[in-house]
Amino acid sequence: MIGDRRKHLAALVVPDYENLVDFLKENNLDPKTPDALTKSKELRTFIQGRIREINKQFSDVETIATFAIVPPLTQENGELTPSLKVRRKIVQAHFKDQIDSMYGD
């Protein structure tokens, strides 16, 4: 989630492809190509629907206004610690272009 000192909340979404096996099969998408999946219209539509459902339980200021699908975070890229915690500053630096586009920068 991103939103500190921003005009709305945004999210970088890292899909759990193991939990999306059926969806991926139905849409002829290959889980072994995470970079291609981040650009998939079908996956974007699916995630957008899920976010819309989740947003129903929150007030307007608490809802995710926009999102970007990103490939899995890795320790090798420095995005995760050895205990698999997200290194927010590094993730924000790596996905700066996607974040800026969600805020119209």
Could you list the residues of the range 8-26 with an amide nitrogen less than 14 Å from a label point located 7 Å from the Cα of Arg44 in the Cα-to-C-beta direction? 13
If you stretched the chain out fully between Val86 and Val14, how much longer would it get, using 0.36 nm times the residue separation minus the C-alpha to C-alpha distance? 24.7 nm
With only Lys, Arg, Asp and Glu charged, each at its Cβ (+1 for the first two, -1 for the last two), find how big the charge dipole of the chain is about the Cα centre; round to the nearest 20 debye. 320 debye
Could you grab the relative contact order for the chain? Cα pairs under 8 Å, six or more apart, rounded to a whole percent. 31 percent
How high is the FRET efficiency between Asn28 and Ser59 when r is their beta carbon distance and R₀ equals 30 Å, given to the nearest 0.05? 0.20
Two-decimal Rg to Rh for the chain - Kirkwood Rh, Cα set: 0.97
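Only the coordinates and a few stated rules stand behind these numbers; no lab work does. The shown structure was predicted, so the numbers you read here are calculated from the model rather than taken from an experiment. Using ideal geometry, Cβ is built from the backbone for each residue, glycine included, and neighbour counts are taken over all protein chains shown.
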